Amino acid sequence: MNKRFYLTTAIDYVNGQPHLGHAYEKVIADVIARFQRSAGSEVYFLTGLDEHGQKVQQAAVTEGSTPQAYCDVLAASWQAFARKLELTNDEFVRTTQSRHKAVVQAALSRLHAEGHFYKEKYEGFYSAKEETFLTEKDRLPDGSFPASFGEVIRLQEQNYYFRLKDHQQWLIDHIESNPGFVAPEHRRNEVLGFLKNNVLEDLCISRPASRLNWGIPLPFDPDYVTYVWFDALTNYISIPASQQDPGVPAYLTEGSQPGAGLPLWPADLHIIGKDILKFHSVYWPIMLKAMGAALPKQILVHGWWQKDGQKMSKTTGNVVDPMVLVDEWGVDAFRFYVLRELDIGGDGNWTDAGFKARYSAELANGLGNLVNRSLSMLKRYRQGIVPAQSDELRPDAEKVVAETLELLKGNRLQPALLSIWSLITRANQYVDQTAPFKLAKDPAQAARLDEVLYNLAETCRVLAILLWPFLPGTTCRIYEQLGLSGTPDSRTAVAWGGLIPGHAIGTPAPLFPRKDP
Ligand code: MSP
């Protein structure tokens, strides 16, 4: 291992409310981070906030606050949100931090000095809501602009542009020769289709400070601030650079203090939603290449959630508030549902009925019931003392362990959960088939009862380890009820036979209280 496994999420706009979509992405990242750690990798998991731009500036003014004070208040609630989801992020980046701003400016200076930018007058349409210039291609067939752009105004101004055309062919070659660069495959095809069928327009990388001052000043022209996307994308490398990461070009690390640990850059994984694919798979690789930095290994693109078949929107009240759900159902139920319901890549539809159905069938009646009856019977029939080792469920467990680990290595979270649940179903069937409650009534069946009880308790232990990245709190409770110390966070412990005969388990208690009326 010569570097840390470095993964990132998109950085959320600070002025939005944390919702289901944000939570989903962060939970995906957290499960992958935890899985990589449990597999023995050193991991660095970065998430954070995108704090510059016109919307933040306007919102702060409306509230009679300064943009920085406004961001500070909101950042605290986003960080509380991350804790609520039990994210194990190693850092939380805010684009208003000086460590980030210094790197953005160093990158801009270098790119400017090397002739990647030019200044030009623009006259055309501009959407303040999206902070973007519009072209004829953005018009609807009737000539109007889509409502998502909000009010569209005519604008005339000078700005700096990043020359992109020269980068088009190498980027196509890179994506073609690195099949895993954008995943899943249909997203990769989308990017390739876009790159092959369009000539890349140069990217505007500035906004006049007279119109927008809540941004990072261009180091070579103080009349301008940096376009938010140039600023935001750079967060992925600014944090390694601020630790003098050896993988980052030296000119970006100047003035920073060395951090500890193995190198971070290039990132192993950027996890993002489908709406920001172009920024990550076209602009970001080009920016990095121009900066002289290596490209990330993979961009993993997830789909979007709707609620009850409709776009989530604050104005219509059609939102899922992850904080409320976590308070009512527990963080693990939330983490489980979003990953079990939606495979990474597709779009999903949240329904409260669907959530409750999975809670009841898969968590309470599936996992919860298995653990509770297995440990309760061990307690009742054997005073909680683990009997001699027996290997009847071992082949089933070993098959699922191998399958799950393979799936998790490929970031296939939903298929991994399906595989794990096949073991839960198998073990629940085993209880029904072997009927330990009947065996317990017949002293001649004592040895058989021992076998059954060992197999069940050991399967619960294996499940705790497999499920730890997904359900950290629940699996710690399974460990506790098994009388095991520590956390089920090491993959090496998953080998069958870890429960030692003679070991005394703890006290069984329901993992997922039933909520049926
Ligand atoms: N600030 C930019 C990202 C900059 S990354 C260098 C941004 N922020 S965002 O708050 O609008 O979105 C953050 C992430 O949440 C994005 O990956 C986005 O796709 C995701 N989601 C926002 N709404 C979503 C759903 N309804 N469903 C799933 N994910 C969604 O874009």
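Taking helices (runs of 4 or more DSSP H) as the structural unit, those lying wholly within segment 54-163 and holding at least 2 residues that are out of contact with any helix residue (DSSP H, G or I) (no Cβ under 6 Å at 6 or more places or on another chain), open to solvent by 20 Å² or more (accessible area, probe 1.4 Å) and farther than 29 Å from H19 by Cβ correspond to 98-113. Within segment 195-227, the residues that satisfy the criterion of being touching a Leu at 6+ places or on another chain (Cβ under 9 Å) and not in a loop (DSSP other than H, G, I, E, B) are L195, L203, S206, L218, Y224, V225, T226. Of the residues contained in segment 258-265, none is found to be under 15 Å from K297 (Cβ atoms) and within 12 Å of the ligand (Cβ to nearest atom).
Scanning segment 355-372 for residues that are open to solvent by 40 Å² or more (accessible area, probe 1.4 Å), touching a residue at least 40 places away in the same chain (Cβ under 8 Å) and among the polar types (S, T, N, Q) turns up N369, N372. Considering segment 299-339, the residues that are closer than 15 Å to K26 by Cα and open to solvent by 40 Å² or more (accessible area, probe 1.4 Å) include one that is farthest from the ligand (Cβ to nearest atom), namely M323. Looking at the structure I just gave you, is L171 among the hydrophobic types (A, V, I, L, M, F, W, C) and assigned to a loop (DSSP other than H, G, I, E, B)? No, not satisfied.
Of all the residues in segment 182-203, those that are exposed (fewer than 14 other Cβ atoms within 10 Å of the Cβ) and closer than 23 Å to G303 by Cα number 4.
Within segment 346-376, restricting attention to residues that are away from the ligand (no atom under 16 Å from the Cβ) and of a type in the set (S, T, Y), the residue that is farthest from the chain's Cα centre (by Cα) is S376.
Return yes when P179 is more than 23 Å from D231 (Cα to Cα), in contact with a helix residue (DSSP H, G or I) (Cβ under 8 Å, 6 or more places away or on another chain) and either modelled with pLDDT of 95 or more or open to solvent by 70 Å² or more (accessible area, probe 1.4 Å) (or both) and no when it is not. Judged against the criteria, P179 is a match.
If you go through segment 36-51 and pick out every residue that is open to solvent by 10 Å² or more (accessible area, probe 1.4 Å) and not in a strand (DSSP E or B), you end up with 7. In segment 210-241, the qualifying residues are those that are more than 19 Å from A290 (Cα to Cα) and among the polar types (S, T, N, Q), and the one that is farthest from the chain's Cα centre (by Cα) is S210. Looking at this structure, is V56 more than 13 Å from the ligand (Cβ to nearest atom) and farther than 22 Å from S281 by Cα? Criteria not met by V56. Within segment 377-399, the set of residues being within 19 Å of S422 (Cβ to Cβ) and either over 39 Å from the mean Cα position of the chain (by Cα) or open to solvent by 10 Å² or more (accessible area, probe 1.4 Å) (or both) comprises D391, E392, R394, P395, D396, E398, K399. Answer yes or no as to whether T253 is under 27 Å from S41 (Cα atoms), crowded, with 19+ Cβ neighbours inside 10 Å, more than 13 Å from the ligand (Cβ to nearest atom) and among the β-branched types (V, I, T). Yes; evaluated as a whole, the condition is true for this residue.
Checking each residue in segment 213-248 for being open to solvent by 20 Å² or more (accessible area, probe 1.4 Å) and out of contact with any Phe, Trp or Tyr (no Cβ under 9 Å at 6 or more places or on another chain) picks out N213, W214, P219, P222, D223, S242, Q243, Q244. Y6 falls short on exactly one of the conditions (1) away from the ligand (no atom under 11 Å from the Cβ); (2) more than 21 Å from H100 (Cα to Cα), and that condition is (2).
Against the test of being touching a residue at least 12 places away in the same chain (Cβ under 8 Å), open to solvent by less than 40 Å² (accessible area, probe 1.4 Å), aliphatic (A, V, I, L, M) and closer than 23 Å to K409 by Cβ, the options L463, L482, L449 yield a single qualifying residue, L463. Just to be sure before I move on: is H22 open to solvent by 20 Å² or more (accessible area, probe 1.4 Å) and within 11 Å of the ligand (Cβ to nearest atom) in the structure I sent? Spelling it out, H22 is indeed open to solvent by 20 Å² or more (accessible area, probe 1.4 Å) and within 11 Å of the ligand (Cβ to nearest atom). Check segment 278-289 and report whether any residue there is of a type in the set (V, I, T) and more than 9 Å from the ligand (Cβ to nearest atom). The answer is yes; a qualifying residue exists.
The values are calculated or read from the model by the stated rules, or taken from the named source; none is laboratory data. Bear in mind that the values here come from a model prediction, so they are computed numbers and not experimental data. Here Cβ is always computed from backbone atoms with ideal geometry, including for glycine, and neighbour counts include all displayed protein chains. Ligands, DNA and RNA are stripped out before the accessible areas are found, and what is left, the full protein with its side chains, is counted by its heavy atoms. Shrake-Rupley method; radii C 1.70, N 1.55, O 1.52, S 1.80 Å.
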